[in-house]
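First comes the structure, then the notes that go with it.
The values are calculated or read from the model by the stated rules, or taken from the named source; none is laboratory data. Only a predicted model underlies this, so the values are computations on that prediction, with no experimental measurement involved. Please note: Cβ atoms are built from the backbone with ideal geometry, for glycine as well, and neighbour counts cover all protein chains shown.
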Amino acid sequence: MRRITWVLAIVMSVAILVAGCGKKDATAVVQDLDKVMSKLESYAGIGTMTLHSGQQPLEYRVEVWYQNPSYYRIELKNEKKDITQIVLRNKEGVFVLTPSLNKIFRFQSDWPENQGQVYLYQTLVRSILSDNARQFTADGEDYVFEVAANYQTDSLVRQKIWLNKDSYAPKQVQVSDSDSKVIVEMKFNQFDFGKKFEQDSFDMQRNMTSMKNAALPNTTVEVNKLPTGETKETNAQVDNSEHPDSTEPSSGTTEGTGSETTGSDAGANDRSNDEAELGPFGIIEPSYLPEGVAKKDEPAIPDSKEHAVVIRYTGTYNFTLMESRPKDMETGLPIGEGLNLGFTVGQLSGEEQKALTWMYDGVKYRIVSSDLPTAEMVKIAQSLVDQPGK
């Protein structure tokens with residue numbers, strides 16, 4: 001009997017030891033994540049992001065690409081309105097592209113290095129590594145971390161991150177406010193490390209044309225090759241605010257877009273097409289205003305070629321909202337800070353008087369204020385997305 005008891009004790013001890021060998025604690029997982037980051041070369045992910053900051057949830061299909069050291073491509077699609085924008089960072093700078101409208105919003109910034117993005121793997125892992133008060137649990141096939149949120153708005157304070165146990169790929173992220181209400185949620189359907197991209201997958205011109213032809217990076221877009229030293233006129237002309245007389249393509253490329261029409265006729269046709277697309281969009285008013293703020297007036301802007309409108313608000317905070325539809329394909333801004341708006345990336349500039357500028361669905365928006373907090377600017381911007389022009 002004593003021998004049987006000893007045998008059972010040994011068997012149980014071995015079983016417990018074997019079961020324990022497969023488990024990792026927070027320290028071991030954090031060490032592994034640090035190693036993953038040090039060897040990170042590229043990745044591609046697809047998922048759905050939901051913003052709960054407004055009266056109605058805003059849902060976006062997100063596709064994110066990263067190539068070491070600092071190339072990014074984030075495609076954000078509002079499937080409800082069928083609007084797709086691409087946030088692109090390459091050696092030329094940071095761009096927000098709207099291929100369907102042939103519009104480019106360009107700004108000078110080190111985005112996304114200077115702030116976090118819920119759909120970027122680096123942001124998620126760095127928030128885990130930097131929070132010594134992190135909470136850790138193992139849940140089925142996932143490791144779950146609850147850590148401090150590291151975003152630009154003070155209203156986002158905590159985030160919960162689900163990682164696959166085997167690969168450490170992200171599966172889900174929930175970012176909450178001080179009341180533990182989920183404000184931003186990101187669910188990944190697919191995430192692959194070591195993704196191989198084509199050489200021009202992060203090229204601005206390639207992305208502008210490819211969205212109208214085939215999906216990247218599997219299909220190569222055909223372009224008309226030109227003899228060395230020759231250029232071809234396209235409707236992709238630059239108009240940086242700092243250099244209004246420039247007409248050179250911002251990416252420096254001289255390739256065409258595959259059209260058989262060339263020369264001045266092509267340029268004239270493109271310009272006439274652009275003119276046909278322009279028109280009044282009404283006045284788009286935000287569905288959200290900070291408490292104690294009300295609309296003051298709408299100063300008229302007569303004979304505006306960009307159909308510009310101005311709305312002024314007063315009360316607890318005072319700010320001006322400007323809207324316009326730029327004629328130029330490319331709109332450039334001076335140096336500023338990239339600000340994640342969820343549905344796109346805007347630019348925050350100024351010190352005593354701050355200005356938040358962004359482009360969406362062919363309309364350029366600008367909020368200017370000396371006392372409106374950045375978090376409130378973001379909420380106002382998000383509330384404009386699904387609003388019709390009046």
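Would you check if Gln347 is of a type outside the set (A, V, I, L, M, F, W, C), outside any helix (DSSP H, G or I) and in contact (Cβ under 8 Å) with a residue 12 or more places away in the chain?
So Gln347 fits the description; yes.
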Handout entry: Conditions (1) modelled with pLDDT under 95; (2) surrounded by fewer than 17 Cβ atoms within 10 Å (Cβ to Cβ); (3) of a type outside the set (A, V, I, L, M): number failed by Lys295
Key = (1)
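Anything in the range 97-108 that is surrounded by fewer than 22 Cβ atoms within 10 Å (Cβ to Cβ) and either within 18 Å of Asn340 (Cα to Cα) or out of contact with any helix residue (DSSP H, G or I) (no Cβ under 9 Å at 6 or more places or on another chain) (or both)? List them, or say none.
Hits for the range 97-108 are Thr98, Ser100, Gln108.
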Practice task
Could you check, for the range 89-107, whether at least one of its residues is in a loop (DSSP other than H, G, I, E, B) and either more than 21 Å from Ser42 (Cα to Cα) or among the polar types (S, T, N, Q) (or both)?
Solution key: yes
Practice task
Please work out which residue is farthest from the chain's Cα centre (by Cα), limiting yourself to the range 39-83 and to residues that are acidic (Asp, Glu) and outside any strand (DSSP E or B).
Solution key: Glu41
Handout entry: Pair list, Cβ under 7 Å, 6 or more apart: the range 54-75 residue in the same structural domain as Val87 (by TED's automatic domain parsing), other residue aromatic (Phe, Trp, Tyr) and surrounded by fewer than 19 Cβ atoms within 10 Å (Cβ to Cβ)
Key = Gly54/Tyr288; Trp65/Phe197; Gln67/Phe197
Handout entry: Residues satisfying the stated conditions in the range 315-340, i.e. modelled with pLDDT of 90 or more, of a type in the set (A, V, I, L, M) and within 19 Å of Lys103 (Cβ to Cβ)
Key = Met322
Exercise for the section: Give, as residue ranges, the strands (runs of 3 or more DSSP E) completely inside the range 110-168 that count at least 3 residues that are exposed (fewer than 15 other Cβ atoms within 10 Å of the Cβ). Expected result: 135-139
